Amino acid sequence: HAAPVLYATWAEAGLIPFDELKRLRKIDSLLEGHPTPRLNFIDIATGSLGQGLGVGCGMAYCGKYFDKSSYRIYCVMGDGECSEGSVWEAVEFAVTYKLDNLVVIVDVNRLGQSQKAPLEYNLEQHEARFSAFGFSSIVVDGHDIAALINAFDIAASTKDKPTALICKTLKGKGFPDIENKLDWHGKPLGEKTQAALETIKSLIKNPGPHGIKPLQFVDDAPIVDLSNVRLSEPPKYSLGDQVPTRKAFGDALVKLGKTCDRVLSLDGDTKNSTFSEI
């Protein structure tokens, strides 16, 4: 439900009309509570907890071993989300393939949707879990911008292992009668809105124009064309042939690979059974 921040950022960049921001989560608005690929700046739908890091690992793996590019991947996760087993499968993958271009940011605010997160503010335990898998783990105050910048700098210079930032935060920090309290998950503030807005405005030291511009970056990722991913030739089966689905899969994979060298097949150590080796 941090989607409004994302949408507001794109509005500032000129992609979304500012008036559209006021239609957040309306039934006929593209600005849903969870971003979806109906928006051209979203590649993966969100909402299913525990899947983001797996996606991030795939992007980091591609960047390091296929694109051989300098871009880095940042994955923001909740502390409650870390209860999902798929998170730790992805953690193991990241360590196995030495994804030093991946940074996991765990927002430890101790509060889940309906109850407290299992570890609450046990930052040492969060750090120990990631470190046990082989991550470089850094505990940091999630509200300290200077400390975060320093942690990101350390992560950028860490080689052969991914980094996890364990960030202690307060949910709803600074909002009167909301900060660090349960039962505010994805909810509008209602009658507390004005007080919250006043608090935010009081914290803005430079209302702009601030003159800040994005830094120049190195765009060394290769240009990839996926428009021609197709079978190199039609299937050669006859009506009535009894063909195992895994053999058909292997045959199709070979034909796809002949038209696009970016086709990847991921398996759980079963490639000699699913005909992925042919």
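The table below gives the values:
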quantity	calculated
Within the chain, longest stretch free of exposed chymotrypsin sites (Phe, Trp or Tyr not before Pro) [DSSP loop, at most 12 other beta carbons within 10 Å]	1-216
12 Å Cα-Cα reach of residue 159 towards aspartates and glutamates, excluding residues that sit fewer than 8 places from it in its own chain	100
Charge dipole (debye, nearest 20) of the range 1-109; +1 at Cβ of Lys and Arg, -1 at Cβ of Asp and Glu	260 debye
Under 29 Å from the Cα of residue 173 - lysines, other chains or at least 8 residues apart	22, 26, 116, 181, 187, 192, 201, 205, 213
Average accessible area per residue (Å²) across the chain - probe 1.4 Å, nucleic acids and ligands excluded	65 Å²
Dipole axis of the chain (+1 Lys, Arg; -1 Asp, Glu on Cβ), positive-most option in 44, 165, 113	44
Check: the chain dipole with +1 on Lys, Arg Cβ and -1 on Asp, Glu Cβ, in debye	300 debye
FRET efficiency, residue 185 to residue 277 (Cβ-Cβ, R0 45 Å, nearest 0.05)	0.45
Range of Cα positions in the range 116-162 per principal axis (Å), largest first	33, 26, 12
Cleavage-rule hits, trypsin sites (Lys or Arg not before Pro), the range 1-85, DSSP coil, Cβ neighbours within 10 Å at most 13	22, 23, 26, 38, 68
Prolate/oblate/rounded call for the range 102-215, Cα gyration tensor, a/c under 1.5 rounded	oblate
Accessible carbon and sulfur surface of the chain relative to its total accessible area, %, 1.4 Å	56 percent
Computed helical MRE - 222 nm, the chain, DSSP H runs ≥ 4 contributing -39500 (n - 2.57), nearest 500	-10000 deg cm²/dmol
The range 154-199-the range 43-76 distance, computed between alpha-carbon centres (Å)	23 Å
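The values are calculated or read from the model by the stated rules, or taken from the named source; none is laboratory data. For clarity, every value in this text was computed on a predicted model and none was experimentally measured. For neighbour counting, all protein chains shown are included, and Cβ atoms are generated from backbone atoms with ideal geometry for every residue, glycine included. Areas reflect the complete protein model, heavy atoms only, side chains present, ligands, DNA and RNA absent. Shrake-Rupley method; radii C 1.70, N 1.55, O 1.52, S 1.80 Å.
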